[in-house]
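Undergrad: Below you'll find the structure I mean.
Quick note: the coordinates plus some simple rules give every number you see, no bench work behind them. If you're wondering where the values come from, they're calculated on a predicted model, not measured in any experiment. Don't worry about glycine lacking a Cβ; one is built from the backbone with ideal geometry, like all the others, and counts go over all protein chains shown.
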Amino acid sequence: MRLCDRDIVKWLDEKKLVIEPRPSIERINGVTIDVCLGNKFRIFQGYTAPYIDLSGPKNEVNAALDRVMSNEITLSHDDAFFFASR
């Protein structure tokens, strides 16, 4: 389903779509919402399991993540990073 910008605002108002913090109207354009996730991220390296169980003891979870995650990557304020589907 794709919503036009007016419908996105309406859904946000009616709480059918919830994004915290709510994006400003300037970030809603056409059928997209620009969201800022932060300037730091990591990528998976050759990980093929469908999930990582985050419910275990913290040290075990951290060890599992360390095995499959890259070092933290930081983008400068002027850089951009885009997610896209194929």
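Undergrad: So what are the ³J(HN,Hα) numbers for the stretch 66-75, from phi and the Karplus equation (6.51, -1.76, 1.60; θ = phi - 60°), rounded to whole Hz, Gly and Pro as x?
TA: Those phi angles translate into 4, 5, 10, 9, 6, 5, 5, 10, 10, 9 Hz.
Undergrad: Give me the mean projected area, in nm² to one decimal, of the convex hull enclosing the Cα positions of the chain.
TA: 8.4
Undergrad: Considering the dipole of the chain built from charges on the beta carbon (Lys and Arg +1, Asp and Glu -1) around the Cα centre, which of S76, I28, W11 is farthest to its positive end?
TA: Of the options given, the answer is W11.
Undergrad: Count neighbours as other Cβ atoms within 10 Å of each site's Cβ, and list the chymotrypsin sites (Phe, Trp or Tyr not before Pro) in the stretch 1-76 that are DSSP loop with at most 16 such neighbours.
TA: For chymotrypsin sites (Phe, Trp or Tyr not before Pro) across the stretch 1-76 that sit outside H, G, I, E and B with at most 16 neighbouring Cβ atoms in 10 Å, the list reads Y47, Y51.
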